[in-house]
Amino acid sequence: FCSSSQLSQFVVVSAQTQTTTTATLSNDTQSNNNNLTATLGDLIIDGVDKPTVIRVLDANGPILEKSYTGNATIMGNISATYFGTLTTHPRSEGFTYSEGKAVITTEDGEMITHTSQGMGGFDIQTEKIKNHGSTFFSTNSTGGKLGFLNNMIGIWVDEIDLSTGIAHAKTWLLE
């Protein structure tokens, strides 16, 4: 990716914050010295879910598939439910890579889908699993409450309580 001399700023996202954060990367080898920036915008989804089914897809990993359902608040005032499926692949040193798909439905029936990828692992301090990743939104809605999310990217963080299986996830809009 880039060396430490190329990295001018980096982002640390906390599930408790809702502030805008900027990451700036510069490439020292470019003669025009352009900077690339990415900004985390508003908190768009705050949700809590619980697994409904967990399957072992490959015992030699193991590769796990989790189906889940939950409730979310979108943009602070839109109530929604969601369900999805997530596949988790083990990586070295206790880390995991996950990819999944989900459908979110508002109380008035508007739907949006998303595809996500993330990395995470066990946090010894909190004794919970923490993951970070990106999600890509899609909807056919053009005039509804969720139409603004079509073709947008979100950055998410979640924390999973191992004793209950309950996950708390937050997603911010990437601007």
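Just a few scattered comments:
- Number of positions in the stretch 70-90 that are outside any strand (DSSP E or B) and not aliphatic (A, V, I, L, M): 2
- Among the residues listed as E93, E159, the single one being in contact with a strand residue (DSSP E or B) (Cβ under 9 Å, 6 or more places away or on another chain), over 18 Å from S67 (Cβ atoms), of a type in the set (D, E) and outside any strand (DSSP E or B): E93
- Against the conditions (1) touching a helix residue (DSSP H, G or I) at 6+ places or on another chain (Cβ under 9 Å); (2) open to solvent by less than 80 Å² (accessible area, probe 1.4 Å); (3) at pLDDT below 95; (4) not small (G, A, S), P62 satisfies every one except (1).
- If the condition is being surrounded by fewer than 16 Cβ atoms within 10 Å (Cβ to Cβ) and more than 18 Å from Q125 (Cβ to Cβ), then the stretch 154-165 contributes T164, G165.
- Against the criterion of being touching a His at 6+ places or on another chain (Cβ under 6 Å) and either of a type outside the set (D, E, K, R) or under 21 Å from S67 (Cβ atoms) (or both), V103 does not qualify.
- Test result for L40, out of contact with any Cys (no Cβ under 6 Å at 6 or more places or on another chain), modelled with pLDDT of 50 or more and open to solvent by less than 70 Å² (accessible area, probe 1.4 Å): yes
- Near pairs, Cβ below 8 angstrom, 6+ apart or cross-chain, from the stretch 151-162 (among the aromatic types (F, W, Y)) to any residue that is open to solvent by 60 Å² or more (accessible area, probe 1.4 Å): W156/H132
- Taking the stretch 101-141 as the range and being open to solvent by 70 Å² or more (accessible area, probe 1.4 Å) and farther than 17 Å from M75 by Cα as the test, the residues that pass are K101, Q117, M119, F122, I124, Q125, E127, H132, N140.
- Residue within the stretch 120-134 that is out of contact with any Pro (no Cβ under 6 Å at 6 or more places or on another chain), in contact (Cβ under 8 Å) with a residue 24 or more places away in the chain, charged (D, E, K, R) and not in a strand (DSSP E or B) present: yes
- Residue, most open to solvent (accessible area, probe 1.4 Å), within the stretch 76-90, restricted to residues that are in contact with a strand residue (DSSP E or B) (Cβ under 6 Å, 6 or more places away or on another chain) and more than 18 Å from L57 (Cβ to Cβ): F83
The values are calculated or read from the model by the stated rules, or taken from the named source; none is laboratory data. No experiment lies behind these values; they were computed from the predicted model shown. Glycine also receives a Cβ, built like all others from the backbone with ideal geometry; neighbour counts cover every protein chain displayed. SASA here: full protein model, heavy atoms, side chains in, ligands and nucleic acids out. Shrake-Rupley method; radii C 1.70, N 1.55, O 1.52, S 1.80 Å.
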